[in-house]
Amino acid sequence: MSGYSLGDTSVKTTLKYGLNPAAKKKGPAGKAKKGPLKPALAAFAEDSDDDDAKDERERANAEIARQQQAARNAQKAAELHKQALEADAAIFDYDGHFDGFQDSRKQKLRAADDERVERKSRYIESLIAKQKEREREQDIIYERRLLKEREKEDHLYGDKEKFVTAAYRKKLEEDRKWLEEEKIADAREAADDVTKKGDLSGFYHNLMSRNAAAGAVADTSRAAPEPSASEEELAKLREKEERERAAEEGARRRAAYERLRELDEKEEAEALRRADPGEPEKRRKPSGPSGGGLEVRRHPAEVEAEERAAAERAKAAEEAAKELEAHTLEEQRKAKADDAKARYLARKAAREASTGGAS
């Protein structure tokens, strides 16, 4: 062994004289083999084993309880199935009941369709009536325009006969009647218009005419405690007054109808007088069994006279309606006063009779 020093660095070597063989390396093979590891000692090892056993028992008990519950449910379902079959043998035959389901469903749909159609018909009738009314108005306007155009050409065909069919004549007559009815309806609406009335006479008239039944019931209830003799006298008095009112109303209506008839005759005579003497007034008789021959067209002056007559008839009807309404109102007031007077006399007689009996 030798050593040497170079400055501040020192190196030590252990060499022998001669050959120095390489030193053997110590690897894993050179290490000693270790045995199996021993488990570590634990103070609570026995408690851990007890917990595992307890968990196993709980899981087993839960599984057994589940199986028992499933068995009970299956038994209950089997009993219900048996009871259902006893009640109805075809209860589970869905294919057999399918047709019945479809029929009931179709019936429900059909009922819904029927109800829908009925609801639609409630409104369609009024719409159709209004449409027909407008068509008639447009038709009348068109006919008047054609009449004016023909009047402009009358000087060209003054010496020739002009024919119209019976159906066209019937149509003109229907239009004339419809115009008269519309004028009367318009006159009634104008008479009932509350914006054109300055007092409450119409309101009181409507109140008395609409509530006549209620008033009769009230009068009957008040007259119930009266003596029978007074009731008979009151009934006779009312019957007599009703006969008199009916006779007066009938006479008034006959007078109104007679006035309208005289007005119609007067207008027809005036129309014939104003007609052109050169215009042929004779009508061709129906030729053949069908009766569909042609008729001579009336003169425009005659048509105009008829329109004026219709307007005057409507006006006369309106006046007659107003007169009848006023007369009815007066009769109702008079009847109410007479009834009140009769009830007062009956009550007075009843009081006198009761006073005389008590004395």
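Each value in this text was obtained by applying a stated rule to the coordinates, not by laboratory testing. Remember, it's a predicted structure, so these values are computed and weren't measured experimentally. Note that each Cβ is placed from the backbone with ideal geometry, even for glycine, and that neighbours are counted across all protein chains shown.
Some values worked out for this structure:
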item: In order through the stretch 135-152: 3J(HN,Hα) via Karplus (6.51 cos²θ - 1.76 cosθ + 1.60), integer Hz, x for Gly, Pro; result: 4, 5, 4, 5, 5, 5, 4, 5, 5, 5, 5, 5, 5, 5, 5, 5, 5, 5
item: Karplus (6.51, -1.76, 1.60) ³J(HN,Hα), θ = phi - 60°, over the stretch 343-355, in Hz, Gly and Pro reported as x; result: 5, 5, 5, 5, 5, 5, 5, 5, 5, 4, 5, 5, 5
item: Nonlocal amide H pairs with residue 164, under 5 Å, H built at 1.01 Å; result: 295, 296, 297
item: Residue-count net charge about residue 92 - beta-carbon cut-off 13 Å; Lys, Arg +1, Asp, Glu -1; result: -3
item: Cα-Cα over 18 Å, subset of 152/177; 183/322; 148/177; 152/183; 266/315; result: 152/177; 148/177; 152/183
